[in-house]
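Quick note: the coordinates plus some simple rules give every number you see, no bench work behind them. Just so it is clear, the structure is predicted and the values come from calculations on it, not from any experiment. As a convention, Cβ positions derive from the backbone with ideal geometry for all residues, glycine included, and neighbour counts pool all protein chains shown.
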Amino acid sequence: MLTIGAFARACRLSPKALRLYDELELLRPARVDPHTGYRYYAVEQLEQARLVAWLRRLGMPLARIREVCALEPAAAAAEIRAYWAEVEAETAARRDLAAFLVDHLQTEPRKDTTMLELRYFAHSDRGRVRPANQDTAYAGTRLLAVADGFGPAGAPASSAAVEALRFLDTDELPAGNVLNLLEEAVRGATDAVRAMSHGTDSGVSHATADAMSHGTAPNGTTLTALLWTGSRLALVHIGDSRAYLLRDGTLSRITHDHTVVQSLIDEGRLTEEEATAHPQRSLLLKALGTATPDLRLHDAAPGDRYLLCSDGLSGVVSDDRIQRLLTASAPDEAVHALLDAANTAGGPDNISCVVADVVDAA
C-alpha cells in the first residue's frame, strides 16, 4: 500500500486533488485508517489515477471523467475521441468569432448612402425519394432562411426554428447590434425546437456524429439564415445547409459544412472528389442546439446574388452547375432551375432554395 503522499508523487496528482476525487467518488482510496482517517492507495490504482490526471490536463469535466473511467478501454477511447472533437469544434467557432471581431473593428464604416434592398424567391421541394418534406425555406424583406430537419420530427423542428426568427423580418430592426439580435433569435429558435420535442433536447449533450444523421433520431435541424440590415447581411449558420454568394460572375461559398466529411477534408484525409461518394457524407458534427453556430457580417454590393440551400441541392448538383444556373435567371427562375437540376439528378433528398438579389432601391 502507498501513503497518499507517495501515491500523489507516483501519479502526479496532488494530495488535495486526491482528497477531492475521493469525495466525488471518482478515485476512492483502497483503505482509510479508521483512527487517523489517513488514506492509503494500492499500486494497482496508479493506472486509473494517471488516466484521471491526463483527462484533467485535457480539460475534461470531472463528471465526464467519471463516465470515462467506468468504461472498458475501447469505449473509453471512443468517448475521449468524441470529447476532443467537441473541443476542436468549439475552438474553431471561437477562432472564427475572434477573426470576425478583428476584421470588424479594423474595417472603416461604410459612408455611401445608396439605398439597397433585396429581391427574393424561396421554394422547397420533397424530391423524388423521401416520403415527406422535412425542409423549411423562407424569404422576406429582411430575413432569408433554410432549415433541414432530421429525425422523426424533423419537419416541425425545421419549421419551429425558422418561425422563431420571423420576428426579425420587419421594416425596422429592433435596436441593438445586429449580430447580438441574431444570436438572441437563434437562442429562441433552439428553445422552440426543444419545446416542440416536448422538453427533450433535440440533440445529445455529448452527441457523436453518428447520432445526427439526416433522417435518423434524434430530432433536430440545421439552420442557415441571412438578416438584411440595409447595407450588410448578418449570417448565422450551423449544420450542412449552405449559403453562396454570386458576385461579378464568380460563385463562392460563405458557409463551412459542419459534417464528418468536411472535417476529414479539412484534415487532408479526404479530397473534395472523394467526399461526394463518401458513405458518411450526411453525418453532422453540429446541429441547432448542440454547439455554437457561426455568426458573421457580410458587406453587400448592388448586383450581388445570394443562394441559401439545403444539402438536397449541394449534395447532387456541383458548384459549377449551380453557378451556371444562377447566373442568367431572375430569382424565381433560378430557384426552379436549381430544384429541377436536383430532381433530374435523382432527387434523393428534400430540396430547398432561397435566391435573393441585392438591388438599388431606386
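For the reader, a short list of remarks on this structure follows.
- Among LEU118, LEU313, LEU101, the largest mean-square fluctuation in a Gaussian network model of the chain (Cα springs under 10 Å) belongs to LEU101.
- Potential lengthening of the chain between ASP22 and ARG324 amounts to 102.2 nm, from the contour at 0.36 nm per residue minus the alpha-carbon distance.
- Ordered by the count of other Cβ atoms within 10 Å of each Cβ, fewest first, ILE322, ILE254, ILE238 give ILE254, ILE322, ILE238.
- GNM remark for the chain: springs join alpha carbons under 10 Å apart, and the peak mean-square fluctuation among ASP240, ASP171, ASP304 falls on ASP171.
- Pair THR141, ASP171: separation of 7 Å Cα→Cβ label points (nm): 0.6 nm
- In this calculation the C-beta distance from THR229 to GLU88 is compared with R0 = 35 Å, giving a FRET efficiency of 0.65.
- Note on TYR138, TYR40: ascending count of other Cβ atoms within 10 Å places them as TYR40, TYR138, the fewest first.
- Sorting the Cα pairs of region 2-70 by distance into bins of 5 Å, from 0 upward, gives 4, 17, 32, 26, 14, 6, 2, 0 percent per bin.
- Förster-model FRET efficiency, 41 Å R0, ARG247 and CYS69, C-beta, rounded to 0.05: 0.20
- In region 238-360, Cα pairs under 8 Å separated by at least six residues give a relative contact order of 30 percent.
- Annotation for ASP96 and ALA362: the two label points, set 7 Å from Cα along the Cα-Cβ direction, are 3.7 nm apart.
- Net +/- balance of residues flanking ALA341 in space, Cβ distance below 13 Å, scoring K and R +1, D and E -1: -2
- Footprinting exposure proxy ranking of GLU44, GLU86, fewest other C-beta atoms within 10 angstrom first, gives GLU44, GLU86.
- For the options ALA243, ALA92, ALA225, a Gaussian network treatment of the chain with springs between C-alpha atoms closer than 10 Å singles out ALA92 as fluctuating the most.
- Three-way shape label, region 226-362, alpha-carbon gyration tensor, a/c 1.5: oblate
- Alpha carbon centroid spacing (whole Å) that separates region 289-362 from region 122-174: 14 Å
- Separation in nanometres of the label points that stand 7 Å from Cα toward Cβ, at ALA77 and ARG50: 1.6 nm
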